[in-house]
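A short worksheet on the structure shown next.
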Amino acid sequence: MRILRSRSFRASVSDSNYHFNVGFRRFVTSCRAVVLPRFGGPEVLELRPNVNVPDLKPHEVLVRTRAVSVNPLDTRMRSGYGRSIFEPLLPLILGRDISGEVAAVGDSVRGLSIGQEVFGALHPTAVRGTYADYAILSDEELAPKPPSVTHVEASVIPFAALTAWRALKSTARIAEGQRVLVVGGGGAVGLAAIQISVAQGCYVTTTCGKQSIDRVLAAGAEQAVDYTEDIELVIKGKFDAVLDTIGGPETERISINFLKRGGHYMTLQGEAASLTDRYGIAFGLPVATAVLLKKQNLYLCSHGIEYWWTYMRADSEGLFEIRKLSEAGKLNIPVEKTFPITQVIEAHEAKEKKQIHGKVVLKFD
């Protein structure tokens, strides 16, 4: 790790090897990071000792990483998902979620202070991720960590919960008394969606694997259906909103038929990235836009519903509300296994081979 002196922003970091003096305004210029030099299997990941830490922009925050979660997006990106966007930018640093302490802040940051424990998540297209001793996020992507949870517990919340929040609160605008169907409630986004909906006063039905039924019921779902059953026969009535975390033509068809007129269908499995990978950015993005508009018009005319591809985005108000739910014990995503950052390859292998079904967290010294 290397440090320099600067007067461009405020900084103060203390660990077992370094104490950064506030008066000299020193800051980190390099640190350990897990780098993705090329697409491939877990073996392509490299833990490098001295990766550059860019200068902070006015609204950015330098976070001393304590824990990051391994998201499905991380393993998909490592394998080449979003290749048309990310390949020209290699090497990348993976990782979206983070929990840690503020090490330095840009000149325009006012809501966070040095030494404060924070958690948050980067946008899906961020190039410099959180698999690093020091990560950079905007002040809108961070919030004070709930004091009642550990860094490990906090690190699995933001990306999944913000994904569910955008779909249910920003797009569908769910309200008390409405019915919500979560397709694939056993995953992190599904669990977050169940708990956010229940906290809003909604009645939740979900599909999941048999091993997840007890977990989703404990999260507040009124009905949990094994996805191997004929859900069209088992699930009764219509819904105001459907969040589909699984995707696929048949799941989409069934889900849309469960909606009331005026309802919202939101899927995590939009086609923007796959179409861009297939045709390139210049042609793929217009094609993806055309496909989405065609589906929106089709389902509006045939079913009277709104159709959306949904994904996570920074939402400072949403993250603040998620923090409150977590602190109140109303939003919890269980962690199944932790690995030290030095075993990042083993962590990705375990997820890829489906040896671990729950959330995996990488811990930093």
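The values are calculated or read from the model by the stated rules, or taken from the named source; none is laboratory data. Predicted model only: the values in this text are computed from it and were never measured. When we count neighbours, we look across all protein chains shown, and the Cβ atoms used for this are built from the backbone with ideal geometry, even at glycine. Surface areas here come from the heavy atoms of the whole protein model, side chains and all, with no ligands, DNA or RNA. Shrake-Rupley method; radii C 1.70, N 1.55, O 1.52, S 1.80 Å.
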Any strands (runs of 3 or more DSSP E) falling wholly within region 200-299 and containing at least 3 residues that are among the hydrophobic types (A, V, I, L, M, F, W, C) and in contact (Cβ under 8 Å) with a residue 40 or more places away in the chain: 239-244
Members of region 145-164 found to be of a type in the set (A, V, I, L, M, F, W, C) and either more than 12 Å from residue 99 (Cα to Cα) or open to solvent by less than 10 Å² (accessible area, probe 1.4 Å) (or both), listed by number: 154, 156, 157, 160, 161, 162, 164
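Do you know which of the residues in region 241-260 that are aliphatic (A, V, I, L, M) and open to solvent by 20 Å² or more (accessible area, probe 1.4 Å) is farthest from the chain's Cα centre (by Cα)?
The initial filter retains those residues of region 241-260 that are aliphatic (A, V, I, L, M), namely 241-243, 246, 254, 256, 259.
Still in the list and also open to solvent by 20 Å² or more (accessible area, probe 1.4 Å): 246, 254.
Numbers: 246: 16, 254: 26 Å.
Taking the candidates together, the pick is 254.
Are any of the residues in region 216-228 modelled with pLDDT under 95 and out of contact with any helix residue (DSSP H, G or I) (no Cβ under 7 Å at 6 or more places or on another chain)? Break it down stepwise before answering.
Initial filter on region 216-228 (modelled with pLDDT under 95): 227-228.
Narrowing further to those that are out of contact with any helix residue (DSSP H, G or I) (no Cβ under 7 Å at 6 or more places or on another chain): 227-228.
Yes, region 216-228 has at least one match.
For the subset of region 83-130 comprising residues that are assigned to a loop (DSSP other than H, G, I, E, B), of a type in the set (S, T, N, Q) and within 16 Å of the chain's Cα centre (by Cα), which member is modelled with the lowest pLDDT? Show your work before the answer.
Narrowing region 83-130 to residues assigned to a loop (DSSP other than H, G, I, E, B): 90-91, 94-96, 106-116, 122-127, 129-130.
This time we only want the ones that are of a type in the set (S, T, N, Q), so: 108, 113, 116, 125, 130.
Next, only the ones that are within 16 Å of the chain's Cα centre (by Cα) stay: 125, 130.
Values: 125: 88, 130: 98.
Filtering first and then ranking leaves 125.
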Mind listing just one residue for me: the one in region 311-324 that is surrounded by fewer than 20 Cβ atoms within 10 Å (Cβ to Cβ) and at pLDDT 95 or above and, of those, farthest from residue 165 (Cα to Cα)? 324
Cβ contacts < 9 Å: first residue free of Cβ contacts under 8 Å to residues at least 24 places away in the same chain, restricted to region 175-193; second residue hydroxyl-bearing (Ser, Thr, Tyr) and surrounded by fewer than 24 Cβ atoms within 10 Å (Cβ to Cβ), any location; separation 6+ or different chain. Result? none
Take residue 185 and tell me if it is within 30 Å of residue 364 (Cα to Cα) and open to solvent by less than 50 Å² (accessible area, probe 1.4 Å). yes
Report, by residue number, each residue of region 326-365 that is polar (S, T, N, Q) and either within 24 Å of residue 198 (Cα to Cα) or assigned to a strand (DSSP E or B) (or both). 326, 332, 338
Residues (open to solvent by 60 Å² or more (accessible area, probe 1.4 Å), farther than 15 Å from residue 190 by Cβ and touching a Gly at 6+ places or on another chain (Cβ under 9 Å)) located in region 223-240: 228, 238
Go through region 338-356 residue by residue and tally those that are touching a strand residue (DSSP E or B) at 6+ places or on another chain (Cβ under 7 Å) and at pLDDT below 95. 3
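Each row is one residue, and each column tells you yes or no for (1) open to solvent by 30 Å² or more (accessible area, probe 1.4 Å); (2) touching a Leu at 6+ places or on another chain (Cβ under 8 Å).
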{"site": "76", "(1), (2)": "yes, no"}
{"site": "91", "(1), (2)": "yes, yes"}
{"site": "96", "(1), (2)": "no, yes"}
{"site": "104", "(1), (2)": "no, yes"}
{"site": "113", "(1), (2)": "yes, no"}
{"site": "117", "(1), (2)": "yes, no"}
{"site": "125", "(1), (2)": "yes, no"}
{"site": "132", "(1), (2)": "no, no"}
{"site": "143", "(1), (2)": "no, yes"}
When residues of region 179-199 are filtered for being assigned to a helix (DSSP H, G or I), in contact with a strand residue (DSSP E or B) (Cβ under 7 Å, 6 or more places away or on another chain) and closer than 20 Å to residue 153 by Cβ, how many remain? 5
Regarding residue 167, is this residue surrounded by 24 or more Cβ atoms within 10 Å (Cβ to Cβ), over 20 Å from residue 255 (Cα atoms) and not hydroxyl-bearing (Ser, Thr, Tyr)? no
Please determine, by comparing only the residues of region 97-111 that are touching a helix residue (DSSP H, G or I) at 6+ places or on another chain (Cβ under 7 Å) and aliphatic (A, V, I, L, M), which one is nearest to residue 129 (Cα to Cα). 98
So which residues in region 40-55 are open to solvent by 30 Å² or more (accessible area, probe 1.4 Å) and not polar (S, T, N, Q)? 43, 46, 47, 48, 49, 54, 55
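Go through region 334-365 residue by residue and tally those that are aliphatic (A, V, I, L, M) and open to solvent by 70 Å² or more (accessible area, probe 1.4 Å). Can you show your working first?
Quick first cut of region 334-365, residues aliphatic (A, V, I, L, M) only: 335, 341, 344-345, 347, 350, 356, 360-362.
Those still in the list that are open to solvent by 70 Å² or more (accessible area, probe 1.4 Å) too: none.
The number of residues fulfilling the criteria is 0.
So which residues in region 261-272 are open to solvent by 20 Å² or more (accessible area, probe 1.4 Å) and either out of contact with any Gly (no Cβ under 7 Å at 6 or more places or on another chain) or modelled with pLDDT under 95 (or both), if there are any at all? Spell out how you get there, then give the answer.
Of the residues in region 261-272, the ones open to solvent by 20 Å² or more (accessible area, probe 1.4 Å) are 261-262, 268-272.
Of everything in region 261-272, those that are open to solvent by 20 Å² or more (accessible area, probe 1.4 Å) and either out of contact with any Gly (no Cβ under 7 Å at 6 or more places or on another chain) or modelled with pLDDT under 95 (or both) turn out to be 268, 269, 270, 271, 272.
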